[in-house]
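Visitor: I have a structure here, written as structure tokens, and I will follow up with some questions on it.
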Amino acid sequence: MTEQLKEIKVAVIDMNNGFPNQGLRGILSIVSTYKEEHALNLSIQVFDLRVKNEIPGTEFDIYISSGGPGSPYEGEGQAWENSFFNLLDALEAYNQAHEDKKYAFLICHSFQMACRKYGLGLVTERKSNAFGIFPVTLTAQGENDIIYAGLTNPFFAIDSRDWQVVDAEDETFHATGAEVLALEKERPHVDLERCIMSIRFSKEFVGTQFHPEADPDGMRLYLLEEEKKKNIIAAHGEEKYLDMLESLDNPDRILLTQKTILPNFLTEAIQSLKEA
């Protein structure tokens, strides 16, 4: 079946605003590996949205939009945010009118912006930065979602954020059909609401607050940078820093997450193309 497919076109939207990062490399690595493992006729094009206001059209099959720095509100009224929201509208309109669907995966900054756009939950600044390798808890919907097939519950993921989405009981979820797939770990000793870690916005759009593209090698390079090391120890302590480094060697933690979530998303999207 695979060889009969037309070229699969993947658009990767870079939300990093020109800042050096491991996330974009991680996304491209996962898609390239998937292409090779499945012998697909697949092309990838990167669009620098926040710096160059580059935005793909609806001619692509699969869209992956990265995380990035700063507030999810800072693009309000700017051309690049309008471009991003207009693209989501255009993809939704396309899906309503066609058998072959467009699939989108939204990570961290992109995820928070989408929650703003769709009025899901409350996008708010955290009391303190969250950074590290944390357990993520799947909801009942998440346990049955193809994106998370093959993961334990809880599973482990890289989290890096100053903002969050809360209020999983928001009535808008029921009104729109969106589903919360994962939540922050339970913290009974902390009187704070658990943030939302993943949402399926629609059958074709899904997003995560955490970074499913993160891999142990890229994370290790990040942690070993002298400036990053000093900042992490200052903010979170040396014990937390050493625990993060040690955790990278555990094959059942972020390596499993990296090898599962985005590949599952690609499988779901490409299977849809086969069936269209």
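Visitor: Tell me which residues, restricted to segment 222-242, are open to solvent by less than 80 Å² (accessible area, probe 1.4 Å) and either over 26 Å from V31 (Cα atoms) or not in a helix (DSSP H, G or I) (or both). Show your work before the answer.
Guide: Narrowing segment 222-242 to residues open to solvent by less than 80 Å² (accessible area, probe 1.4 Å): 222-223, 228-229, 232-233, 235-237, 240-241.
Correct list: K228, K229, I232, I233, A235, H236, G237, K240, Y241.
Visitor: Could you run through segment 243-256 and say how many residues are closer than 30 Å to N144 by Cβ and either of a type outside the set (G, A, S) or surrounded by fewer than 15 Cβ atoms within 10 Å (Cβ to Cβ) (or both)?
Guide: So the count comes out to 8.
Visitor: Provide a single number: the residues in segment 119-151 that are open to solvent by 50 Å² or more (accessible area, probe 1.4 Å), modelled with pLDDT of 95 or more and out of contact with any Lys or Arg (no Cβ under 9 Å at 6 or more places or on another chain).
Guide: Adding up the residues that qualify gives 5.
Visitor: Within segment 257-276, how many residues are open to solvent by less than 50 Å² (accessible area, probe 1.4 Å) and not hydroxyl-bearing (S, T, Y)?
Guide: 11
Visitor: Within segment 227-276, how many residues turn out to be modelled with pLDDT under 85 and hydrophobic (A, V, I, L, M, F, W, C)?
Guide: Residues that pass the stated criteria total 4.
Visitor: Conditions first: (1) more than 18 Å from the chain's Cα centre (by Cα); (2) surrounded by 20 or more Cβ atoms within 10 Å (Cβ to Cβ). Y103 passes all but one, so which condition is the exception?
Guide: The number of the failed condition is (1).
Visitor: Still on this structure, please answer the following. Cβ-Cβ under 6 Å, sequence separation 6+ or interchain: first residue in segment 17-45 and farther than 19 Å from I254 by Cβ, partner assigned to a helix (DSSP H, G or I). Which pairs?
Guide: Qualifying pairs under 6 Å: N17/R50; G18/V51; L42/K35; I44/V31.
The values are calculated or read from the model by the stated rules, or taken from the named source; none is laboratory data. In this text the structure is predicted, and so the values were computed from the model without any measurement. Neighbour counts are summed over all protein chains in view; Cβ atoms, including those assigned to glycine, are modelled from backbone coordinates with ideal geometry. Quick note on the areas: whole protein, heavy atoms, side chains included, nothing else; ligands and nucleic acids left out. Shrake-Rupley method; radii C 1.70, N 1.55, O 1.52, S 1.80 Å.
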